[in-house]
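This report concerns only the one structure given below.
The values are calculated or read from the model by the stated rules, or taken from the named source; none is laboratory data. The structure presented is a predicted model; accordingly, all values stated were derived computationally and were not measured. Here the Cβ positions follow ideal geometry from the backbone for every residue, glycine too, while neighbour counts run over all protein chains shown. Areas reflect the complete protein model, heavy atoms only, side chains present, ligands, DNA and RNA absent. Shrake-Rupley method; radii C 1.70, N 1.55, O 1.52, S 1.80 Å.
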Amino acid sequence: MKKIDTFTDQAIKTIESTRQEVGMTTQELIRRSGIRRSTFFRKMRGDTSFTTEDIDALAKAMGVDPFLILSNAAERADAAKKTDMDLSQLPEDEKVAYVLDKVKAGDQTLAAMNDPNKEKEAEGGDGR
């Protein structure tokens, strides 16, 4: 399996979250999109890349605009890149927006910044 870039990873997550939001099963999405089952799962694992035709077919199958999938993935990729940056470099309003987004998402990495025991929790450990 190849390493997935941030944008592709977020595109995959956006497709999956959109599918769930519209209340569609994976099988129904595959059927409606016309993408072969094996191809769909290979792309969702990041083994092969999505084409614009794939994004278009999946979006239409879910009843959403393909641009929304791509723009949402781009926004999520930008946000993911910001987690690697030093928050002290951001303007105050962007810091607040960043923290609020993390809190809404239930992200524990903010706690890890201030409490070394929380670092293990954020990584999936028990912190002991």
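For the reader, a short list of remarks on this structure follows.
- Taking the criterion of being among the charged types (D, E, K, R) and not in a helix (DSSP H, G or I), the residues of segment 35-83 that qualify are Arg36, Asp47, Asp65.
- Taking residues in segment 6-33 that are under 12 Å from Met44 (Cα atoms) and part of a helix (DSSP H, G or I), and partners anywhere that are open to solvent by 60 Å² or more (accessible area, probe 1.4 Å) and among the basic types (Lys, Arg), the pairs with Cβ atoms closer than 6 Å and at least 6 places apart or on different chains are Gln10/Arg76; Ile30/Arg37.
- Matching residues, segment 52-63, being surrounded by 14 or more Cβ atoms within 10 Å (Cβ to Cβ) and either within 18 Å of Glu21 (Cβ to Cβ) or in contact with a Gly (Cβ under 9 Å, 6 or more places away or on another chain) (or both): Ile55, Ala57, Leu58, Ala59, Lys60, Ala61, Met62
- Segment 64-81 - residue that is open to solvent by less than 70 Å² (accessible area, probe 1.4 Å) and not hydrophobic (A, V, I, L, M, F, W, C) and, of those, modelled with the highest pLDDT: Pro66
- Qualifying positions in segment 24-51 - open to solvent by 60 Å² or more (accessible area, probe 1.4 Å) and more than 18 Å from the chain's Cα centre (by Cα): Thr25, Gln27, Arg31, Arg32, Gly34, Arg36, Arg37
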